[in-house]
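Input: a single structure, listed below in structure tokens.
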Amino acid sequence: MTTDQLVYLIFGIVLVLAIALDLGLLSKKNAVITIRQALLQTLFWVVLAMAFFAFLWVEEGSKLSFEYLSAYLMEWSLSIDNIFVFILIFTAFKVKEKYYPRVLLAGILMAILFRIIFITIGVALVERFSWVLYIFGAFLLYTGYKMFTSNEEEQFEPHDTKIYRFLKKYLPLAPTDGNGKYIIRVNGKPAYTTLFVVIVLLASIDLVFALDSIPAVMGISRDKLIIYTSNTFAVLGLRSLFFVLRGAVSQFEYLQQGIAIVLVFIGAKMLGEHFISEWIDKTAQVFISLGVIVACISGSIVYSIYRKK
């Protein structure tokens with residue numbers, strides 16, 4: 001068994017056990033999650049991600065392990081943006097708080113499946129056509145610019161999305177949560193509840209965010225192992241992070257600008273990689289990327305809190 005195969009095997013085993021633990025011990029069906037429980041679950045996923053970082057260091061060396069750490073932090077920070085949209089979706093469809101954990105879990109597991117497909121296609125394209133990276137880089141520059149200059153008054157409306165209009169057009173939707181069910185029978189015929197709609201919206205919206213995050217991670221590392229694992233750990237921790245930050249995420253007024261600067265930095269790095277590599281070795285580039293990510297994200301959060309005060 002090669003080192004990469006061993007790492008994939010350990011990752012798979014840890015993932016299955018962690019999800020089982022999260023479902024079996026840390027979560028109860030239709031129970032409202034308290035801030036304390038959410039903090040414990042968030043700590044659980046962060047510690048697990050850091051343990052995998054240490055495992056990578058031992059098995060693969062410092063360069064790859066720090067690429068993983070940079071990619072994980074990138075994904076984790078972008079997840080905070082996801083949370084704001086998730087809150088709007090739950091509010092728009094009047095989802096009861098006791099159904100939040102189960103609906104979030106289903107949506108996130110679907111999002112992971114879609115991301116794996118998306119990553120596989122993206123990596124295959126880059127391996128076959130290396131110039132695709134320049135398109136990714138230009139896309140990140142554009143996305144970062146748009147994110148930095150976006151108007152705060154523009155509000156996301158779940159009922160106006162193409163996904164919801166598609167579901168409404170082709171599926172029989174019931175304006176009820178079905179007491180926690182996803183499909184109920186109305187006049188003897190199956191109908192899909194608001195919980196089903198919310199799950200589909202969560203997964204599809206996360207895929208839209210992946211259009212930014214996956215190219216950004218590929219700007220940090222081309223290793224498939226790093227891309228898969230950093231994405232999976234960050235997305236799995238999204239459920240508990242939602243309950244920790246749902247009341248505070250709107251307070252991080254300048255976080256969006258911090259993320260935008262990171263996206264612009266990584267996009268510029270991808271476009272100028274050939275010239276940068278002539279002056280800076282790959283290991284140093286990894287540490288520079290990590291420093292920029294930490295500085296921009298933490299700096300934007302601290303500045304947001306300072307401005308609020």
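The values are calculated or read from the model by the stated rules, or taken from the named source; none is laboratory data. Just so you know, these numbers come straight off a predicted model, no measurement behind them. For neighbour counting, all protein chains shown are included, and Cβ atoms are generated from backbone atoms with ideal geometry for every residue, glycine included. For the accessible areas, the whole protein counts, side chains as well, though only heavy atoms, and no ligand, DNA or RNA atoms are used. Shrake-Rupley method; radii C 1.70, N 1.55, O 1.52, S 1.80 Å.
Pairing residues of the stretch 107-125 that are surrounded by fewer than 17 Cβ atoms within 10 Å (Cβ to Cβ) with residues that are among the charged types (D, E, K, R), at Cβ distances under 7 Å and at least 6 apart in sequence or on separate chains, gives no pairs at all.
Could we say that F55 is open to solvent by 30 Å² or more (accessible area, probe 1.4 Å), modelled with pLDDT of 80 or more and not charged (D, E, K, R) here? So F55 fits the description; yes.
For the stretch 252-309, a residue qualifies if it is among the charged types (D, E, K, R) and exposed (fewer than 14 other Cβ atoms within 10 Å of the Cβ), and the qualifying residues are E278, D281, K282, R307, K308, K309. Taking the criterion of being open to solvent by 10 Å² or more (accessible area, probe 1.4 Å) and assigned to a helix (DSSP H, G or I), the residues of the stretch 80-100 that qualify are D81, F84, V85, I87, L88, T91, A92, E97, K98, Y100. With respect to being outside any helix (DSSP H, G or I) and surrounded by 17 or more Cβ atoms within 10 Å (Cβ to Cβ), V103 falls outside the description. Restricting the stretch 130-172 to residues that are open to solvent by less than 80 Å² (accessible area, probe 1.4 Å), assigned to a loop (DSSP other than H, G, I, E, B) and among the hydrophobic types (A, V, I, L, M, F, W, C), the residue that is modelled with the lowest pLDDT is F156. Scanning the stretch 4-49 for residues that are of a type in the set (A, V, I, L, M) and in contact with a Gly (Cβ under 9 Å, 6 or more places away or on another chain), we see that the one that is modelled with the lowest pLDDT is I35.
Between a first residue in the stretch 203-227 that is free of Cβ contacts under 8 Å to residues at least 24 places away in the same chain and outside any helix (DSSP H, G or I) and a second residue that is aromatic (F, W, Y) and surrounded by fewer than 23 Cβ atoms within 10 Å (Cβ to Cβ), which pairs have beta carbons less than 8 Å apart while being 6 or more apart in sequence or on different chains? Once the first residue is free of Cβ contacts under 8 Å to residues at least 24 places away in the same chain and outside any helix (DSSP H, G or I) and sits in the stretch 203-227, no partner that is aromatic (F, W, Y) and surrounded by fewer than 23 Cβ atoms within 10 Å (Cβ to Cβ) comes close enough. For the stretch 184-202, the set of residues classified as in contact (Cβ under 8 Å) with a residue 24 or more places away in the chain and part of a helix (DSSP H, G or I) consists of T194, L195, V197, V198, I199, V200, L201, L202, listed by residue number.
Of all residues in the stretch 70-108, those that are at pLDDT 85 or above, of a type in the set (F, W, Y) and within 15 Å of T42 (Cβ to Cβ) total 1. Just checking, does the stretch 240-251 include any residue being among the β-branched types (V, I, T) and under 23 Å from L40 (Cβ atoms)? For the stretch 240-251, residues among the β-branched types (V, I, T) and under 23 Å from L40 (Cβ atoms): present.
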